[in-house]
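The values are calculated or read from the model by the stated rules, or taken from the named source; none is laboratory data. Worth saying up front: this structure is predicted, and the values here are computed from it rather than measured. In this analysis, Cβ positions are derived from the backbone assuming ideal geometry, glycine residues included, and neighbour counts consider all displayed protein chains.
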Amino acid sequence: MNRPPVVSPEEWQAERDALLVKEKELTRELDALAARRRRLPMVRLKPGYRFTAPDGATVPLTDLFDGRRQLVIYHHMLSPGQDWVCSGCSSFTDNLANQAHLNARDTTLILMSPAPQDEIDVLRKRFGWTVPWYSAYGNDFYADLGLGGGFGLSVLLRDGDEVFRTYYTSGRGVDRLRMDFNLLDLTPYGRQEEWEDSPDGWPQDPTMSWLNNRDEY
């Protein structure tokens, strides 16, 4: 197998230090992006949306915040009557950690899907997920926000009874938030997907072809 050169510890450290300069530059750029993100204008959402909570209760949008001011929603790709499980969404959900630290910063994290709660409950029980998962079945929330039925991540801000949309991302904007992908990006082989720029001979598969539901590997 072709591989990068094998060098002395001193040569490795010099190369590592040079890469660190680039990493620090990117960190500062990400900080600048976050600062700009905090200054994005907001859209006031109309009142009246009703969602089905995990316990079956029908609740307003403000209740999804669980008493906090900020809400992060992962839009899990589960449409009404869908007979397949999105491995990307299920593996993303597997990566979600305890929320205590988010909660300490006045922020709540939830899942949301257009599917009805009884269909959501099948997956919740199958994978043992405890992140609150709300159903938007029967309301106009997805249509009004142009969400379609795909995956994505929304951020909302609550000020009293008013709710504002502040941010949305999908695609690579979501996968960069995953712990598993970020850890793989630090390894020699990376994600082992064909889009990556890797040394000749490194293992590579079609993008996302390896990813599966955790009980199907």
Restricting the first residue to region 37-57 and requiring it to be under 12 Å from L157 (Cα atoms), which pairs with a second residue that is assigned to a helix (DSSP H, G or I) and at pLDDT 95 or above meet a Cβ separation below 9 Å and a spacing of at least six or different chains?
-> L45/L61; L45/F141; L45/D144
Limited to region 1-57, what total is found for residues that are under 22 Å from G190 (Cβ atoms), part of a helix (DSSP H, G or I) and basic (K, R)?
-> 3
Does L45 satisfy the criteria of being touching a Lys or Arg at 6+ places or on another chain (Cβ under 7 Å), under 22 Å from Y168 (Cα atoms) and either outside the structural domain of F164 (by TED's automatic domain parsing) or surrounded by 10 or more Cβ atoms within 10 Å (Cβ to Cβ) (or both)?
-> yes
Of the conditions (1) of a type in the set (G, A, S); (2) surrounded by fewer than 21 Cβ atoms within 10 Å (Cβ to Cβ); (3) touching a residue at least 40 places away in the same chain (Cβ under 8 Å), the single one that A100 does not satisfy is (3)
Subset of region 175-203 [more than 27 Å from V72 (Cβ to Cβ), at pLDDT below 95 and surrounded by 14 or more Cβ atoms within 10 Å (Cβ to Cβ)] | S198, W202
Members of region 89-102 found to be in a helix (DSSP H, G or I) and either modelled with pLDDT under 95 or hydroxyl-bearing (S, T, Y) (or both), listed by number = S90, S91, T93
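Please go through region 5-15 and give me each residue that is surrounded by 10 or more Cβ atoms within 10 Å (Cβ to Cβ) and not aromatic (F, W, Y), ordered by number. Even if it seems obvious, please write down each step before you answer.
Pass one, region 5-15, residues surrounded by 10 or more Cβ atoms within 10 Å (Cβ to Cβ): 7, 11-15.
Residues satisfying the conditions are V7, E11, Q13, A14, E15.
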